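S.K.: One structure is given below, represented as structure tokens, and several questions about it will come after.
Where a number appears in this text, it was derived from the coordinates with a stated rule and is not lab data. A quick note: this is a predicted structure, and the numbers were derived from the prediction, not measured. Cβ placement follows ideal geometry from the backbone for every residue including glycine, while neighbour counts extend to all protein chains displayed.
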Amino acid sequence: MKWTKIITSFMIIFCLAFSVSAEEQGIKSLQRRFDPVIVTGQTCSLTGEPILHYGLYALKENRLIPIPFQIDEKDEDGKFILTHGKHITTDNDNNHFDANDELVFMAMDTGEKLPGKALLPQGYKACAEIEVTGPVSQEKAWVYLMAFNTPEYKSSLDYVSYNHKTLSFSTRNYSGHYNKKFPVGASKYAFEEGLGGHGKDFIDRIKARVKIKSMGITLNRSEEDITVEEEGYIDGPVRVVVYSKNATPLFLGIPVSATKQYTYYYDSYADFAFSASFPIKPGYFRATIIDDFKDAKGWTFYNSNNPSGHIIDGKMDDSDKKLDRSPWTWSVLTRDDLSFWSVWIAPPGCPVKASLYFNDDENAKDKMEDDPGELPGIGFDFNIGWDKLKADTVELRLVHFYTKGYQKGMETDIRNIYDAPLSATSVTF
């Protein structure tokens, strides 16, 4: 026991010493794989230049190389400036990087710390060193934002794209599209070559089922009833941002709920962030969002309340019914080489909670689907807390991740994007 304590103490001291040594030497220690890094203009020490005149670089193998990035503009109210689509918007700063804009790049593209200015490219006007830190581990990495007098060469890598005419999106790791008749939820999801996938559609559709009681009337609404109006979007090399307005009808054109939604597509995940308001507050409201899989027999389901794993077989037996369906924080459906994740996030103190919807039944009947059965149906059953919601609006995020095969502990990497987001500081270099 004594030797065990001595060895443990030695290992802790060694790890701390290595961490300090790595930071002092400027060695990248940040291991976060999926995270974007978002740096506001207010945080960045190099603003005020035309957006096209910026370049972003990382030090790798003693060379500064350009990495993918974008600067997304926002207006004075914090709304994104939409550069494509139906309603293109403009800012009053003549396309300069200012305090309310966002610089975005991927953590996986960061590099080492520059030891000095010898490697900086010729012709740069100014340079800022951005240090990225993981708040849990204190791991670090660096990038270098530079301003030039003319538009600067950019990385040719483009992680994500969007086609508003076909309502389709694609990255190296996943792709999908929406049915134009009812575009509130995707009608195709596929794993792509970046994960070893082959573009095969694995989803029947995303179902959105709403039950409402208002003014003595009980109504059921589905994804086929909810109207969606896409306002516009941003399509950059690091992320796509789509802004839309959705409405769930009550009757006579009156919506029982109206939603403003930003959808963010990154290299490994899609983030659906929405704010729902209730013009007429219903007496009862329940919303269920279901990922209806075509055929995931043999795959294994895990979530925060059911960590032991549950194999999908298409038969809704007693073992399925015994799953813990209480409010959860993450879930994953996985086979050896591929994994599809679901996560939901609410602001602190929000009373609305998502219980688990789970149905492993190849014979399930539903008139509103394209492929019979739910193999399985997994989703968010928002059945708790609506009666305690004091405000007329609620903000929620639903997120889908696409990764390689599940290993225990990956859920921490996934959740930390939101629970322990990366921080960034900037100094003039």
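S.K.: Can you list the HN-Hα couplings for region 153-159, worked out from phi with the Karplus curve (6.51, -1.76, 1.60; θ = phi - 60°), rounded to whole Hz and with x for Gly and Pro?
M.R.: 4, 10, 4, 7, 5, 9, 6
S.K.: May I pose another question? What percent do you get for the relative contact order of the chain when only Cα pairs under 8 Å and 6+ apart count?
M.R.: Numbers: 1051 pairs, mean separation 66.1, N = 429.
The value is 15 percent.
S.K.: Can you tell me the orientation of helix 2-25 relative to the chain, as the angle in degrees between its alpha-carbon axis and the longest Cα principal axis, to the nearest 10?
M.R.: 70
S.K.: If you don't mind, there's one more thing I want to ask. Counting GluC sites (Glu not before Pro) as exposed when in a DSSP loop with at most 12 other beta carbons within 10 Å, what is the longest stretch of the chain free of them?
M.R.: On the way: sites that count: E61, E76.
Free of exposed loop sites, the longest segment is 77-429.
S.K.: Distance from a point 7 Å along Cα→Cβ of S326 to each backbone N in region 374-391: keep the residues under 20 Å and list them by number.
M.R.: Under cut-off, by backbone N: 379-388.
S.K.: Which net charge results for the neighbourhood of R32, defined as the other residues with beta-carbon distances under 10 angstrom from its beta-carbon, given Lys and Arg at +1 and Asp and Glu at -1?
M.R.: Result for the neighbourhood of R32: -2.
S.K.: If you don't mind, another one. Which one is right for this structure if Cα extents along the principal axes in Å is calculated from it: (i) 66, 63, 42; (ii) 69, 40, 32; (iii) 71, 68, 44?
M.R.: It is the one labelled (iii).
S.K.: Still on this structure, I have one more. What do you get for trypsin sites (Lys or Arg not before Pro) in region 332-429 restricted to DSSP loop and a cutoff of at most 13 other Cβ within 10 Å of the site's Cβ? Could the numbers behind the result be given before it?
M.R.: Working: sites: R335, K353, K365, K367, K388, K390, R397, K404, K408, R415; in loops: R335, K365, K367, K390, K404, K408.
The qualifying sites are K365, K367, K390, K408.
S.K.: Would you list which aspartates and glutamates come within 19 Å of K200, measuring only between C-alpha atoms, while excluding same-chain residues fewer than 8 positions from it?
M.R.: Here the aspartates and glutamates satisfying the reach criterion relative to K200 are E192, D267, D291, D292, D295, D336, D337, E369, D370, D371, E374.
S.K.: Over region 37-157, what is the relative contact order in whole percent, taking alpha-carbon pairs under 8 Å and six or more residues apart? Kindly include the intermediate steps, with their values, before the conclusion.
M.R.: Values: 231 pairs, mean separation 45.9, N = 121.
Once normalised by length, the contact order is 38 percent.
S.K.: OK, next. Restricting to DSSP loop positions (anything but H, G, I, E, B) with no more than 10 other Cβ atoms inside 10 Å of their own Cβ, which trypsin sites (Lys or Arg not before Pro) remain in region 41-126? Present the calculation step by step, with values, prior to reporting the outcome.
M.R.: Working: sites: K60, R63, K74, K79, K86, K113, K117, K125; in loops: K79, K86, K113, K117.
Loop-located and lightly packed - K117.
S.K.: Scan region 258-310 for trypsin sites (Lys or Arg not before Pro) in coil per DSSP, keeping those whose Cβ has at most 12 other Cβ atoms within 10 Å, and list them by number. If you can, show how the numbers build up before the last one.
M.R.: On the way: sites: K260, R286, K294, K297; in loops: K294, K297.
Sites meeting the loop and neighbour criteria: none at all.
S.K.: Do the sum for the chain: with -39,500 (n - 2.57) for every DSSP H run of n ≥ 4, divided by all residues, what is the mean residue ellipticity at 222 nm, to the nearest 500 deg cm²/dmol?
M.R.: The helix-only estimate for the chain comes to -3000 deg cm²/dmol at 222 nm.
S.K.: Treating the angle as unsigned and between 0 and 90°, give the value, to the nearest 10°, between the Cα long axis of helix 410-419 and the longest Cα principal axis of the chain.
M.R.: 80
S.K.: Using 28 Å as the Cα-Cα cut-off, could you pick out the over-long pairs in K321/K367; K260/K294; K165/K408; K74/K353; K74/K165? If you can, show how the numbers build up before the last one.
M.R.: Details: K321/K367 23 Å; K260/K294 30 Å; K165/K408 40 Å; K74/K353 31 Å; K74/K165 24 Å.
Cα-Cα > 28 Å for K260/K294; K165/K408; K74/K353; rest within.
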